[in-house]
Amino acid sequence: MPLGGILGSIALSLWLLVGIAQAGESGGDAGATPYMKLETFTVNLKDVSHFLQIDIALKFSDPATAERIKAFNPLLRNNLIYILSNHSVDEINTLAGKLKLMEDIKVSLNKELKLDPKHSILSVLFESFVIQ
């Protein structure tokens, strides 16, 4: 792995750890932001000789959003497979590529669920990200 890829992976790991630590600070507050973990995705990437295995968690502003995500789960998983498999290794192997992928997923899910900003998915978190 080139040095840029290693540094990008380290930076992404630190960014995720800071987010987890900040989420943990809210502890058991009644107003704590909910999270939902999706099932593992394994998809072939655009360059076909590689695949991506990824675990995704969603952070959202309203607990009712979790029920909407569950109700639309098959449609959302279908859309996520399209999004993930439409990328090449080169596009998602950098920190910038991973951050763009997170944003693309968030925008797509909010649009598909027709969520207004008050009830939207706030962020997409990668709990694991393996390219082979």
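The values are calculated or read from the model by the stated rules, or taken from the named source; none is laboratory data. For clarity, every value in this text was computed on a predicted model and none was experimentally measured. Glycine gets a Cβ as well: all are built from the backbone with ideal geometry, and neighbour counts include every protein chain shown.
Within region 53-76, can you find the residues that are assigned to a helix (DSSP H, G or I) and more than 18 Å from residue 122 (Cα to Cα)?
71, 74, 75
Search region 43-55 for residues that are closer than 16 Å to residue 97 by Cα and pair each with any residue that is of a type in the set (Gly, Ala, Ser) and in a loop (DSSP other than H, G, I, E, B) when their beta-carbon atoms are under 7 Å apart and the residues are at least 6 apart or on different chains.
Between residues of region 43-55 that are closer than 16 Å to residue 97 by Cα and residues that are of a type in the set (Gly, Ala, Ser) and in a loop (DSSP other than H, G, I, E, B), the close pairs are 45/88; 46/88; 47/88.
Starting from residues that are surrounded by 13 or more Cβ atoms within 10 Å (Cβ to Cβ) and not aromatic (Phe, Trp, Tyr), keep the ones in region 116-130 and report whichever is farthest from residue 55 (Cα to Cα).
The extreme case among them is 119.
Starting from residues that are among the hydrophobic types (A, V, I, L, M, F, W, C) and in a loop (DSSP other than H, G, I, E, B), keep the ones in region 35-52 and report whichever is farthest from the chain's Cα centre (by Cα).
Among those that are among the hydrophobic types (A, V, I, L, M, F, W, C) and in a loop (DSSP other than H, G, I, E, B), it is 48.
Any residue that is of a type in the set (Gly, Ala, Ser), modelled with pLDDT of 95 or more and assigned to a strand (DSSP E or B) - is there at least one of those in region 87-97?
no
Could you grab me the full set of residues in region 100-115 that are part of a helix (DSSP H, G or I) and either surrounded by fewer than 17 Cβ atoms within 10 Å (Cβ to Cβ) or of a type in the set (Lys, Arg) (or both)?
100, 102, 103, 104, 106, 107, 111, 112, listed by residue number.
Looking at region 76-132, which of its residues are basic (Lys, Arg) and in contact (Cβ under 8 Å) with a residue 60 or more places away in the chain?
Within region 76-132, just 98 meets the criteria.
Only residues that are on the phi > 0 side of the Ramachandran plot and at pLDDT 60 or above: list them for region 19-69, please.
Within region 19-69, 48 is the sole residue that qualifies.
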